[in-house]
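Q: Here it is: the structure, laid out below.
Computed from the coordinates by the stated procedures, all read-outs in this text should not be read as laboratory data. None of these values were measured; they are calculated from a predicted model. All Cβ positions, glycine included, derive from the backbone under ideal geometry; neighbour counts span all protein chains shown.
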Amino acid sequence: MPDEKTNYQSGDAPQPASLDAGVIISSDTRRANRIPPGQSRTRKWPVLDATGTPPIPADWKLEVFGLVDRVLTFTLDEFRQLPRVKVFADFHCVTRWSRLGNLWEGVSTRYLFDAAGVRAEAKFVILHAYDNGWTTNLPLEDFLAPDALITDLHDGQPLSTDHGGPVRALVPMLYAWKSAKWLKGIEFSAEDKLGHWERGGYHSHGDPWVVDEQHVDGQRFQVPSQIPPGFKDGPNPY
């Protein structure tokens, strides 16, 4: 398991068999090869973001809104009192590194969906961040995956601000930019609304495992042959 101070993983990647009963295990961690096409394993946990770590207000709140019967608002203390789950999952960044065997803890996305009374016409989720109005979009079914959660603990430690603390989303089946850092809002919508990276050319869905005629190594970009501005391709430096 990782060193508590550096998040460095020594030895082989953590395995699902080592977990306590009750931990939700992401199905991707049971693959014979857990590294998606074009990715390589990092033992570290690199810090990447669009515009730098934003200031987080002392009165942090998370709002669940949109096509819901009940708008929900949680302070950090209230969020931490909600029913908790643990998820064991791999983590794949579109910049070609994968960190295997992460243990996350937080609140199931399904719990928030049920508590808000999301309406039938909702088909998409827009995640809003404190990062200068940053958003990302994803289909409702991906947001409600069994291993998706809103998390404040990683490998037993509170999320640092650099890694999206105090609370971030975690949707392990998609590239990590879909797991919005510095989360402040969860919007349920009937329409898809492209977010920051998607408007810049990143793929609207972002499945790292898709390999087809257009995507040789995952759904990285809307136009696979065009690398969007700001993307540094090449050998994994991590």
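Q: Considering all alpha-carbon pairs of the range 37-79, what whole percent are spaced by more than 16 angstrom?
A: Considering the range 37-79, 66 percent of its Cα-Cα pairs are separated by more than 16 Å.
Q: Please give the peptides 130-140, 60-70 ranked by average Cβ packing (other Cβ atoms within 10 Å per residue), highest first, as a rough proxy for protection.
A: Averaged packing, sorted descending, gives the order 130-140, 60-70.
Q: Can you tell me the alpha carbon radius of gyration of the range 46-163 divided by the globular rule-of-thumb value 2.2 N^0.38 Å?
A: Compactness ratio reported: 1.09.
Q: Can you run phi through the Karplus equation (6.51, -1.76, 1.60; θ = phi - 60°) for the range 57-68 and list ³J(HN,Hα) in whole Hz, with x for Gly and Pro?
A: Per-residue couplings from phi come out as x, 4, 9, 3, 9, 10, 10, 10, 8, x, 7, 10 Hz.
Q: While we're looking at this one, here's another question. Under a GNM of the chain (C-alpha, springs under 10 Å), which listed residue has the highest mean-square fluctuation: Asp28, Asp77, Asp192?
A: Top of the fluctuation ranking is Asp77.
Q: Two decimals is fine: what is log10 I(q)/I(0) at q = 0.11, 0.17, 0.23, 0.28 Å⁻¹ for the range 21-93, from a Debye sum with one equal scatterer on every Cα and no solvent?
A: Log10 I(q)/I(0), no solvent term: -0.55, -1.06, -1.09, -1.20.
Q: How about the range 88-187: which trypsin sites (Lys or Arg not before Pro) there lie in a loop by DSSP and see at most 15 other Cβ atoms within 10 Å?
A: In loop regions of the range 88-187 (DSSP not H, G, I, E or B), the sparsely surrounded trypsin sites (Lys or Arg not before Pro) are Arg119, Lys123.
Q: While we're looking at this one, here's another question. The chain: D in µm²/s via Stokes-Einstein (Kirkwood Rh, Cα pairs, 20 °C, 1.002 mPa s)?
A: Diffusion coefficient, whole number: 118 µm²/s.
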